[in-house]
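Asker: Handing you this structure, nothing more for now.
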Amino acid sequence: MNDDVASTVGFGAAGVLIPEIRSVGIVGAGQMGSGIAHVCALAGLDVTLVDIKADALPKALATINRNMTRQVNRTLISEDLRDEALLRIKTSTDYTAFAEADFVIEAATEKEDIKRAVFKAMMPHLKPECMVASNTSSISITRLGASTDRPEKFIGMHFMNPVPVMKLVEIIRGIATDETTFQSVKALAQKLGKVSAVAEDFPAFIVNRILVPMINEAVYALYEGVGSVEAIDTSMKLGANHPMGPLELGDFIGLDTCLSIMQILHEGLADSKYRPCPLLVKYVEAGWLGRKTGRGFYDYTQTPPKPTR
């Protein structure tokens, strides 16, 4: 079989026919959606990026162009490859643009009701054989798939942030996901230059099941006065060799996203160890969500950022 299994018809490891994926639709032109569009276009796939907010689309294209140019400057890709990739990305505010897509990835806000609304509006515009993935970092793939008209063609494909840099993709099968979809998505991840980690469909999967409770525990340490923001982050950077401290990382991820994941873990596993820290809740209630709002555990309106507690 050709090594380039995601763009040719062939048989996977389980003897399952892998359908050809040539065109990818992406829902959501935010940080994750634009990053997924970036890597798909560089891999030679036609990309359609859809967002209900028209002003989000030129911003996403500008971000993709800037990040690809950074790769050119670091001699990771050529100027020609960048220019060809950018031409492969089309944008729209209408789900009808997905009519010919072989595969659609949802990268909307990490709220189940929003994702369900996206699927309800999108499904009538997809061809019957189109496979669908969610980039959710924590929500049940089985439950999301059941809200669509094709649970057997539905799967979790969780990219890490920033997508062009991070190598890992978590692949999560729902209870109804068929072998063809699973093999196709594994092959696609390989084509995108990613390493797959297959996770079972439990709350927050692998990475966030381990990572976000660590961030939540760091917030508890701050809340209880164990250490200051600076002391906690410095301790984990120098004591555990982490590239970012947990509070800084929480700001990078988005404190609203961290809170949402902790709530899903707490509700889904019914274990008190996953109870969101009250201080994390307060920061989110204040709108201090981290880097994206200019303030979280650090104030990003200053250079260098200063702790807010």
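The values are calculated or read from the model by the stated rules, or taken from the named source; none is laboratory data. In this text the structure is predicted, and so the values were computed from the model without any measurement. Glycine also receives a Cβ, built like all others from the backbone with ideal geometry; neighbour counts cover every protein chain displayed.
Asker: Here is a list: MET157, MET166. Which entry is closer than 16 Å to MET32 by Cβ and in a loop (DSSP other than H, G, I, E, B)?
Answerer: Residue meeting the stated conditions: MET166.
Asker: Here's a follow-up. Which of the helices (runs of 4 or more DSSP H) found entirely inside the stretch 30-116 contain at least 1 residues meeting this: touching a strand residue (DSSP E or B) at 6+ places or on another chain (Cβ under 6 Å), over 21 Å from MET166 (Cβ atoms) and outside the structural domain of LEU259 (by TED's automatic domain parsing)?
Answerer: Those helices (runs of 4 or more DSSP H) span 56-73.
Let's see how each residue does on (1) in the same structural domain as GLU267 (by TED's automatic domain parsing); (2) closer than 25 Å to GLY287 by Cβ; (3) modelled with pLDDT of 95 or more; (4) of a type in the set (D, E, K, R):
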site	(1), (2), (3), (4)
GLY174	no, no, yes, no
THR177	no, no, yes, no
ALA218	yes, yes, yes, no
ALA231	yes, no, yes, no
MET236	yes, no, yes, no
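Asker: Please find, among LEU211, LEU247, LEU238, LEU280, the residue that is assigned to a helix (DSSP H, G or I), in contact with a strand residue (DSSP E or B) (Cβ under 8 Å, 6 or more places away or on another chain) and among the aliphatic types (A, V, I, L, M).
Answerer: So the residue among LEU211, LEU247, LEU238, LEU280 that is assigned to a helix (DSSP H, G or I), in contact with a strand residue (DSSP E or B) (Cβ under 8 Å, 6 or more places away or on another chain) and among the aliphatic types (A, V, I, L, M) is LEU247.
Asker: For the stretch 101-112, which positions are at pLDDT 95 or above and over 13 Å from VAL50 (Cα atoms)?
Answerer: ASP102, PHE103
Asker: Residues being outside any helix (DSSP H, G or I), aliphatic (A, V, I, L, M) and buried (at least 16 other Cβ atoms within 10 Å of the Cβ): count how many of those fall in the stretch 181-196.
Answerer: Within the stretch 181-196, residues that are outside any helix (DSSP H, G or I), aliphatic (A, V, I, L, M) and buried (at least 16 other Cβ atoms within 10 Å of the Cβ) number 1.
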